[in-house]
Amino acid sequence: MIRHLLLLLVVCTSLVAQEKYRPMHRLTWEEYAGTLVHWRRTHPKVATLESRGLSGQNMPVYLLKITDPKVKATDKQVCLVTTLHSGPERTGTTGAMAFAEWCLSDDPLAVETRQKQIVLIMPCVNPLAMFYTDRFRNEHGVDPYTGAGRIGKLWDVKSLTLTRPEDAPELTAVLSVIDEYRPEVHADLHGTGLQEYAPDQLGSRQMYHGQIMTEITGGAYSNYALRPWDWRVTETMVAAGKEAGFPSDRFEADAQRTFWGPELAPLGKKLWHGMPMFYSAHYGYAKYHTMLLTQEVAWEQSLVARMKGLLRIGNTVWNDERAPGYPVNRMRHFVGHYVTAYGSSAAERRDSRVELWNQQSDFALGFLYPQTDGRESLVVATTAAAKKAIVNREFPEAVRSFIEAGPELKVAMELPDEQLLAASDANDAKITHGIGFRIRLPYSATQTLDVQLNGDALTRSATDGYESWTADGFTQVQINVPPAKAATTGLYFITCAYKPSEVRLTGWMPPAEVQKQSATAKADASPATHTDVAYGSHFRQTMDVWLAKSTLPTPVVFYIHGGGWGAQDKTDIHQHLDVRAFLDAGISVASINYRFLVDANAAKVSPPLQWPLQDAARALQYLRSRAGEWNLDKMRIAASGVSAGGCSSLWLAMHDDMATPQSPDPIDRESTRVLFTATKAPQPSLDPQQLREWIPNSEYGGHAFGYLGKSRAETFAPFLANREQHLSDLSEYSPMAQASADDPPAYLLFTKEDKPPIKGEPQTDPTHSAVLGLMLQDALRPLAVPCEVHHRLDGQPTRSMQDLLIEHLTQRNSRP
């Protein structure tokens, strides 16, 4: 009994499936052609039908034109709908028929569309394939969609011609329509059918009810160049389909993959599989700047819904435009600045669009850079003479005045000067239909607006002047140059001075605590006279220079930043010294960067310390070489620095003069001696044994001699153990090893003492302890070299580097 029941269930299920997925009616040629003729007969006022060519077996390739002739064609957009893969992809054709039927209906949107657009529908481009073969190619082996023939493609992309047009009559018919109407938009329909059925599987050549596919809107899986350039067009269509209950796949977005490109080829299996290729639909884009899109159709009513979304765009004013129509009128761009079509009607804009589109590749665009709040510009050269004028800065006086009044660096052109100068008159644009330009101000409103073209003020005009309106968050400014003016103009220099309706601050500032630590306010209040002056070829070999105003040569503070020769930079000066106070006292200032130990280690320099020290000497020599130009007193230069910067300062002061009087390099001939040093928490010695004698827990210096580790202690131990191997280097690069009776005075400050400094006792901060100052004082005393050590617990009035530097640099004698 159970066995019989199961058998009955299987039979019933099979019958239900057969009923649900029963064969679908196969549209015949007679029905297709008869329907088109029927529509022409029943809607004679809005529908015309013509054959644009003959497919295989002399089958007409029909064009159905739907529009309201009572409204002038000059005010209408043109929307072309084709089915380049019609044949096996049957729902493309049936979808086009359903769409045509809706276009002829009394639906208010259809009525409006007929008044505002010319809708051209070619429901079956390849009738032989649709009604007889169910294969993509025509009788000559040509696929109208890709233009592929039996051997390669028929397309010559450079000339936009077919090498064998006689083999592609269907495609030739489509191209003839594109050439005649130069449509604003071209929608090519695809779908499901029998394309994957082998010949022995075709049977009755009928699809079945419920045979569908994943619907996609706007583009093609195989070719991501077949889609609207504005994703908002696609999303509008997707939304219209979704509102009707039909969702769409969004290609690489839903797949969460990035696009393919030549350098990304090794990642091929991780990329979106579509490629940018030239297919037949690109013809309209290449010749007329027609916006392209393709659609996959599973349900005919889904296609109708999505096409309604597209047609609404053509009927209304687009996102940031003034006139109704599709977004197709921007012909050339450069970083948000545009050359646009000109015209007061759809037909005028179409003529201008096509003319400019086919000449725009020889235009040169630019603008004042950097862009500046309250000022906008666009320069466009359409002739060789105009391009050369840009290079030679041959601008009208009013344009030069605008440029000079602003802070911009240059007129930034998309092409280098060499290409502009090499421009040929043979490529000069011939503009007979006018030209437009669009600049966008990054404010929704402005209080004032002064728009000029080549120095002449423009008035508000839709035909000869400018228009402005708020859209997409910008103040849109459209400049319109009529045909008569455009015909005699080659250089268009547009300037726009405006006052925003709101005040916006630019720039981000670190947290207050970080600003305080970095002395940010002091740095901003004292901008350098010369910034990042290079004294060597390495990117770190630079200095900032502040020049005091004086009729006489000024003394100089030569500052070297700290950071263990591996951190911080020249702006560190503001944390320790008041540059403005020096300038007010008639003292100039230089603060240097230098190569780090890591740079020397990478170059296998041993010991690495020599690079930052040698850079300090070279920077000082360079500064002296500019003394005449910068009004500096070579004899009154004091070296100053903190921690490692203080060590470098002491090394300069104690080392014999490193000038090379006979050098062919004038910088090498300059002295490296200084008037005195004023340093904070420096290391006067780098000898590990000497350091341990004075401070038993010393651990500084190993990194400066090539020892690497995660801590100072880790680098100090082997340094101390191998001290004998470094005696020669220590004698050269440890400051105290260079001490002599002719050394300049040294003033040392220590600010973190938590107990009296005593030789032989461990210190809380052994690297910056005042004991190090006592060690230097002890070494210089027998040499009669003045050495003052100041610290928190010395019982003396508090002194600062600032005080000491100003005090001794403002004395008139050469030694304090």
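Residue by residue, here is whether (1) modelled with pLDDT under 95; (2) closer than 27 Å to Glu101 by Cα; (3) not hydroxyl-bearing (Ser, Thr, Tyr) holds:
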{"site": "Glu252", "(1), (2), (3)": "yes, no, yes"}
{"site": "Gly261", "(1), (2), (3)": "yes, no, yes"}
{"site": "Lys269", "(1), (2), (3)": "yes, no, yes"}
{"site": "Trp272", "(1), (2), (3)": "yes, no, yes"}
{"site": "Tyr279", "(1), (2), (3)": "no, no, no"}
{"site": "Trp299", "(1), (2), (3)": "no, yes, yes"}
{"site": "Ser302", "(1), (2), (3)": "no, yes, no"}
* Search result, residues across segment 702-718 that are of a type in the set (A, V, I, L, M, F, W, C), crowded, with 18+ Cβ neighbours inside 10 Å and farther than 18 Å from Trp651 by Cβ -> Phe716
* Asked: Out of (1) open to solvent by 10 Å² or more (accessible area, probe 1.4 Å); (2) β-branched (Val, Ile, Thr); (3) more than 48 Å from the chain's Cα centre (by Cα), the odd one out for Ile667 is which?
  -> (3)
* Members of segment 306-331 that are open to solvent by less than 20 Å² (accessible area, probe 1.4 Å), among the aliphatic types (A, V, I, L, M) and part of a loop (DSSP other than H, G, I, E, B) -> Val328
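Return the residue satisfying two criteria in turn: it lies in segment 743-755 and is of a type in the set (D, E, K, R) and in contact (Cβ under 8 Å) with a residue 24 or more places away in the chain, and of such residues it is surrounded by the fewest Cβ atoms within 10 Å (Cβ to Cβ). Give the derivation first.
Taking segment 743-755 and keeping what is of a type in the set (D, E, K, R), we get 743, 752-755.
Now restrict to residues that are in contact (Cβ under 8 Å) with a residue 24 or more places away in the chain: 743, 752-753, 755.
Numbers: Asp743: 24, Lys752: 14, Glu753: 18, Lys755: 11.
Ranking the candidates gives Lys755 first.
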* Asked: Do you know which residues across segment 689-740 are under 22 Å from Ala770 (Cβ atoms), aromatic (Phe, Trp, Tyr) and in contact (Cβ under 8 Å) with a residue 40 or more places away in the chain?
  -> Trp694, Tyr700
* To do: For segment 218-238, name all the residues that are surrounded by 15 or more Cβ atoms within 10 Å (Cβ to Cβ) and either free of Cβ contacts under 8 Å to residues at least 40 places away in the same chain or aliphatic (A, V, I, L, M) (or both).
  => Ala220, Ala225, Leu226, Val233, Glu235, Met237, Val238
* Out of the residues in segment 74-102 that are open to solvent by 10 Å² or more (accessible area, probe 1.4 Å) and in contact with a Phe, Trp or Tyr (Cβ under 7 Å, 6 or more places away or on another chain), state the one that is farthest from Ile313 (Cα to Cα). => His85
* Asked: Ser550 versus (1) without any contact (Cβ under 8 Å) to a residue 24 or more places away in the chain; (2) surrounded by fewer than 17 Cβ atoms within 10 Å (Cβ to Cβ): which is the lone unmet condition?
  -> (1)
* Only one of (1) among the hydrophobic types (A, V, I, L, M, F, W, C); (2) under 23 Å from Ala600 (Cβ atoms); (3) out of contact with any Leu (no Cβ under 9 Å at 6 or more places or on another chain); (4) open to solvent by less than 50 Å² (accessible area, probe 1.4 Å) fails for Ala721. Which number is that? -> (4)
* Mind listing whichever residues of segment 670-694 are outside any loop (DSSP other than H, G, I, E, B) and either surrounded by 21 or more Cβ atoms within 10 Å (Cβ to Cβ) or basic (Lys, Arg) (or both)? => Thr677, Ala678, Thr679, Lys680, Pro688, Leu691, Arg692, Trp694
* Asked: When you scan segment 197-217, how many residues do you find that are more than 13 Å from Ser302 (Cα to Cα) and in contact (Cβ under 8 Å) with a residue 60 or more places away in the chain?
  -> 10
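The values are calculated or read from the model by the stated rules, or taken from the named source; none is laboratory data. Here the structure is a predicted model, which means the values were calculated and not measured. For neighbour counting, all protein chains shown are included, and Cβ atoms are generated from backbone atoms with ideal geometry for every residue, glycine included. The area values use the complete protein model at the heavy-atom level, side chains included, leaving out ligands, DNA and RNA. Shrake-Rupley method; radii C 1.70, N 1.55, O 1.52, S 1.80 Å.
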